[in-house]
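Novice: Once you've had a glance at the structure underneath, I'll fire off some questions.
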2 protein chains.
Amino acid sequence: MKRMLITISYDGTAYHGWQFQPNAITVQSVIENALFELLNEKVTVVGTSRTDAGVHAKEFTFHLDCADNIPKAAFLRGLNGLLPYDIAVTDAKEIAPDFHARYNALGKTYCYNIYNSNKKDPFKLRFAWQIERPLDIDKMNEFAKSIVGKHDFYAFSSSGRTVENTVRTVSECYVTKNGDDVKLYITADGFLYNMVRIIIGTAVAVSDGKINVSDIEDILKKRDRAALGMTAPPQGLFLEKVHY
Amino acid sequence: MKRMLITISYDGTAYHGWQFQPNAITVQSVIENALFELLNEKVTVVGTSRTDAGVHAKEFTFHLDCADNIPKAAFLRGLNGLLPYDIAVTDAKEIAPDFHARYNALGKTYCYNIYNSNKKDPFKLRFAWQIERPLDIDKMNEFAKSIVGKHDFYAFSSSGRTVENTVRTVSECYVTKNGDDVKLYITADGFLYNMVRIIIGTAVAVSDGKINVSDIEDILKKRDRAALGMTAPPQGLFLEKVHY
């Protein structure tokens, strides 16, 4: 047996997130079905994170244990041939038998796309949240800067959270604008349930003048979810990179 | 009554082309249903062309006759609100009562996207034809140039064609390459059934050395469909502009 770390990229529109669910099509179940067809044995894969329904990944990793004798190139090409167009295997490498796709990740980078325009565009809306009113990028960056560092992000998580410890360290967070495309990039050692999407909703509320950046520290301390912005819709969110 | 020319943009992946078909979802039927909801009357729209199943449009036009008293802005916003994310109304203007979306078009520009890479990419494949082997852009441009002008394009059409006259004038045809993205742009006074997709298949066959550009004139004269390349898949094709 050998353990392999597989890197994939997917358009999450058609999927109920990564994680296996009975009675729903998830990225994990589609991959496990393709692996069963390729290897003729039931293989369980372990993802680096759950991702919500409709969220995309430029780079997502999982590990699996398989027989020693599968050449990497054949594995990659075989799996890609069995997967639909919206899931691509981009890398596969052998790792130590105790390496874990989730626990060994030092951090992750997400990118969230906002399409900031009052024109409807079918080629943008699959991968972005449309906001028609002009956004204040300076204010959004002021907010982004305010959450960098080690904080209890309890307020920035939804009730479906499954962890006790809600302290995370954000190492980088900033907003860029290029024409109608506004992007927020965030890197942290880990993310709570819906954390990025609540950060986006709050960045927009700050831009709208509904939340003051000077209040964020207090809201974090009070763990007050209700004082923050909405949970932004999933289709703008991309897992950009997994750091090992 | 007034006649209006509506401009839309759509991601055609989910649709069986523009034209109404019983028992299939087409762009036309979705728009007519939205118009029925908006105007509370059955309105028939006339498109500038059919487009095949899975083909996209950056700009597609149709005309319709409706009551005088609908303000343009309300019409636009109302219709966009009723349409799914993958169809957008981008313009609406009043036209002369005898103007026709199809017959008044002087020409159209199509663009075909090829993703020229051996890497699978879920964010490319919805809107491009993947070709793994390197393409010879110079050869493709030599072929593109050879079809510019007035020719009988019978050989570049599929048996489903519905017209008698197969002579068309191509005013411009060229290929560009930007990284992995290869695009063929073509403008003509009209297009036959599958004409652009057979032109693309042939451009690729020329790149592969399977067809010589010097033979194209002869193939056109002999109306020999079998001597040309395959019909390229629909998902790379975009109606780019309708010229009036």
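Novice: With equal scatterers on the alpha carbons only and no solvent term, can you work out the Debye log10 of I(q)/I(0) for the protein assembly as shown at 0.09 1/Å?
Specialist: Per q value, in the given order, log10 I(q)/I(0) is -0.77.
Novice: If I take R0 = 60 Å and measure r between the Cβ atoms of B:D68 and A:Q21 in this structure, what FRET efficiency does the formula 1/(1 + (r/R0)^6) give, to the nearest 0.05?
Specialist: Here the calculated transfer efficiency is 0.70.
Novice: Based only on Cα atoms, what mean projected area does the convex hull of chain B have, in nm²? Could the numbers behind the result be given before it?
Specialist: Details: hull surface 55.3 nm².
Mean projected area of the Cα convex hull: 13.8 nm².
Novice: When only C-alpha pairs under 8 Å and at least 6 residues apart count, what is the relative contact order of chain A, in percent?
Specialist: Relative contact order here is 24 percent.
Novice: Filter the GluC sites (Glu not before Pro) in segment B:1-107 down to the DSSP loop ones having no more than 13 other Cβ atoms within 10 Å, then list what survives.
Specialist: Filter output for segment B:1-107: B:E41.
Novice: Across segment B:41-52, in residue order, what do the Karplus-derived ³J(HN,Hα) couplings come to in whole Hz, using 6.51 cos²θ - 1.76 cosθ + 1.60 with θ = phi - 60° and x for Gly and Pro?
Specialist: 8, 6, 10, 9, 10, 10, x, 6, 6, 6, 9, 5
Novice: Treating the Cα atoms of segment A:141-199 as identical point scatterers in vacuum, please give the log10 of the normalised Debye intensity I(q)/I(0) at q = 0.13, 0.21, 0.27, 0.31 Å⁻¹, two decimals.
Specialist: The Cα Debye sum returns log10 ratios of -0.34, -0.79, -1.14, -1.36.
Novice: Just to check I understand the Karplus step: with θ = phi - 60° and J = 6.51 cos²θ - 1.76 cosθ + 1.60, what whole-Hz values come out for segment A:213-230, glycine and proline as x?
Specialist: So the Karplus estimates, Gly and Pro as x, are 4, 5, 8, 4, 4, 5, 5, 4, 4, 7, 6, 9, 3, 5, 7, 9, x, 5 Hz.
Novice: Just the C-alpha atoms of segment B:107-243: what Rg/Rh do they give, with Rh taken as the Kirkwood radius?
Specialist: With Rh from the inverse mean 1/r over Cα pairs, Rg/Rh is 0.95.
Novice: On alpha-carbon atoms, Rg over Rh for segment A:2-95 using Kirkwood Rh?
Specialist: Working: Rg = 12.2 Å, Rh = 13.2 Å.
Ratio value, two decimals: 0.93.
Novice: Quick one: what Rg and Dmax do you get for segment A:181-230 from the alpha carbons, in Å?
Specialist: Answer for segment A:181-230, Rg first and Dmax second: 11.1, 33 Å.
Values in this text are rule-based calculations from the coordinates and carry no lab data. Keep in mind that this is a model prediction, so the values were computed, not measured. No Cβ is skipped: glycine too gets one built from the backbone with ideal geometry, and neighbour counts run over all protein chains shown.
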